[in-house]
1. Residue-wise, which Karplus ³J(HN,Hα) couplings in Hz belong to the range 81-90, taking 6.51 cos²θ - 1.76 cosθ + 1.60, θ = phi - 60°, and x for glycine or proline?
2. Which FRET efficiency value, to the nearest 0.05, is calculated for residue 2 and residue 145 with the Förster distance at 45 angstrom and r the Cβ-Cβ distance?
3. Restricting to DSSP H runs of at least four residues, report the calculated mean residue ellipticity at 222 nm for the chain, -39500 (n - 2.57) per run over all residues, nearest 500 deg cm²/dmol.
4. Output the lone cysteines of the chain: those with no second cysteine's C-beta under 4.7 Å from their C-beta.
5. Which three extents, in whole angstrom, do the alpha-carbon atoms of the range 1-93 cover along their principal axes, largest first?
6. Fewest Cβ neighbours within 10 Å first, please rank 82, 48, 92 accordingly.
7. Mind listing the phi-derived Karplus ³J(HN,Hα) values for the range 233-243, rounded to whole Hz, using 6.51, -1.76 and 1.60 with θ = phi - 60°, and x for any glycine or proline?
8. At q = 0.09, 0.20 Å⁻¹, what log₁₀ I(q)/I(0) does the range 21-159 have when each alpha carbon counts as one equal point scatterer in the Debye sum?
Amino acid sequence: MWRKIEKKVNQGKRLNLKESLFLLKDFNLLNLGRLANQVREKKNSQLVFYSKNLNINHTNICINACKFCAFSKRENESGAYVLSLEKIIKKVKKIKPQEVHIVGGINPKLPFSYFENMLKEIKKVNSKIFIQAFTAVEIDYFSQKSKKSLSYILECLKEAGLDSIPGGGAEIFSPRIRKLLCPDKINAKRWLKIMQTAHNLGINSNAAMLYGHIETKEEIAEHLLKLRELQDKTYGFKAFVPLAFHSKNTLISKNGDSTSGIDDLRILAASRLILDNFPHIKALWMYLGLKLTQVALYFGADDIGGTLEEEEIVHSAGAPTPPSISSGELERIIKESGRIPKLINSNYQ
């Protein structure tokens with residue numbers, strides 16, 4: 001099977017479900033990495049992308065009860081919070097980021113105007129700040145609560161300053177997984193519809209996948225192929241972002257790390273080969289650690305994320321990495337890997 005896969009990859013032909021499963025289950029890791037690196041260099045040469053960004057997690061109050069989440073709180077629970085717009089703008093002025101990432105809980109007390117005004121006020125600080133904000137789950141809630149169409153909500157956000165959408169909320173598309181781990185969250189069909197609507201309006205996005213909990217390899221492969229199918233229609237996904245599950249403080253019991261370095265490299269490399277229509281594969285240093293991130297640059301990844309000032313979500317689940325990193329340090333680990341650092345925003349500009 002591996003010779004057939006290698007031949008197809010060299011010919012630029014698409015891998016099917018059976019071949020995708022073979023990559024995820026049985027394919028020799030070094031051969032897999034070699035092929036993924038070959039595709040990665042063909043698409044992006046020696047470049048490795050990173051960004052200077054500020055993370056804003058505006059509220060941790062959330063009505064969803066996702067078992068893999070260590071960040072969310074109920075309204076009256078100790079540690080629950082909502083950031084005022086004044087506090088958010090103060091953070092932006094202090095950090096002076098090139099890019100702002102905004103993700104938070106589904107908080108029923110916050111009106112849609114809070115989010116519109118947040119974007120507008122950030123752009124007032126500096127109109128050149130690139131804003132990647134609100135997962136498909138949040139956008140769906142804005143639509144449901146305001147009783148407005150997805151197109152209307154997205155157009156309002158775009159007018160207010162939204163530049164792109166993160167890939168969160170996808171988790172694993174499998175109905176089995178969503179029923180067990182996040183029954184209150186939108187289903188795969190709705191997530192894909194929101195992304196397609198955004199892409200059709202000229203709003204690019206990322207696509208993510210949370211792995212290392214209770215999913216099967218078959219469910220991973222099916223997730224990737226659904227993303228590839230939508231990308232064929234819109235070409236609006238800029239990067240695929242596999243997220244290694246961290247279990248601390250969640251309702252999913254795991255002993256130690258939920259994924260091994262081998263798992264992480266296999267997912268990255270297989271994704272690079274399966275998602276032939278995705279321009280970029282992102283290996284987030286915050287999830288993988290700096291040393292494994294360097295290795296990932298030879299297993300299909302061409303982006304390592306950003307400086308991520310004040311990130312809270314993955315650190316609530318026990319990520320051992322620092323809460324932020326300097327752009328100089330990111331450049332150092334890229335150069336040590338023999339690659340060329342390239343500063344960009346989430347649209348790779």
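1. Karplus-based 3J(HN,Hα) across the range 81-90 equals 8, 9, 7, 6, 4, 4, 5, 4, 5, 4 Hz.
2. Numbers: r = 50 Å, r/R0 = 1.11.
Efficiency computed from Cβ-Cβ geometry: 0.35.
3. Helix-only estimate at 222 nm: -13500 deg cm²/dmol.
4. 62, 156
5. Taking max minus min along each principal axis of the Cα atoms, the range 1-93 gives 57, 33, 21 Å.
6. 82, 92, 48
7. For the range 233-243, the Karplus curve yields 7, 10, 6, x, 7, 8, 8, 9, 10, x, 10 Hz.
8. For the requested q values the scattering log ratios are -0.42, -1.13.
Throughout, read-outs are computed from the coordinates displayed, never taken from laboratory work. Keep in mind the model is a prediction, meaning the values are calculated, not measured. Ideal geometry is used to build each Cβ from the backbone, glycine not excepted, and the neighbour counts take in all protein chains shown.
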